[in-house]
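Laboratory data are not the source of any read-out in this text; all were calculated from the coordinates shown. Being a predicted model, the structure only gives us computed values, none of them experimental. In this analysis, Cβ positions are derived from the backbone assuming ideal geometry, glycine residues included, and neighbour counts consider all displayed protein chains.
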Amino acid sequence: MAHFFYPFHFFKMIKKAGDRNECILIPEEKMNVFCLVGKIEELPSLKETVNGIKTCNVVLKVERSFANANGVYEFDTIQIEVWRGLAETLCNVSKVDDWISVKGRIMSRKYEKDGHVYNNYAFIAEKISFLHN
């Protein structure tokens with residue numbers, strides 16, 4: 001059975017019975033992955049948890065893939081959590097307007113306030129690459 005890597009998803013290839021030229025791609029597992037490319041909007045500031053783990057938040061300015069009604073491409077600003085050595089490296093070498101790509105996962109945190117349960121979502125970086133201007 002062949003395995004393929006297709007934009008962050010692993011698939012199994014299964015041949016259909018009786019037909020050598022047709023194949024079916026089936027996801028091998030469920031995945032929680034995001035991938036963003038954008039400019040650093042604000043410089044990250046390195047912090048340390050009470051347990052000594054380094055962390056920072058970086059804000060990316062990401063252009064939308066479609067124009068609005070006026071033909072203008074708008075931007076979203078997305079805050080991303082970065083941890084450990086990746087956070088230290090990012091804080092040491094990044095500048096405002098640097099282009100980076102970020103691959104990571106989305107994490108949900110539930111909290112209760114005034115008797116209501118809310119979900120808060122965080123984008124957690126797992127890999128960051130600096131892109132050339």
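Annotations for the structure displayed:
- Phi-derived couplings, Karplus 6.51 cos²θ - 1.76 cosθ + 1.60 at θ = phi - 60°, listed residue by residue for the stretch 41-57: 8, 9, 5, x, 10, 6, 10, 9, 6, 4, 8, x, 8, 7, 8, 7, 10 Hz, with x used for Gly and Pro.
- Where a label projected 7 Å from the Cα of E63 along Cα→Cβ would reach, residues of the stretch 82-105 with amide N under 20 Å: 95-103
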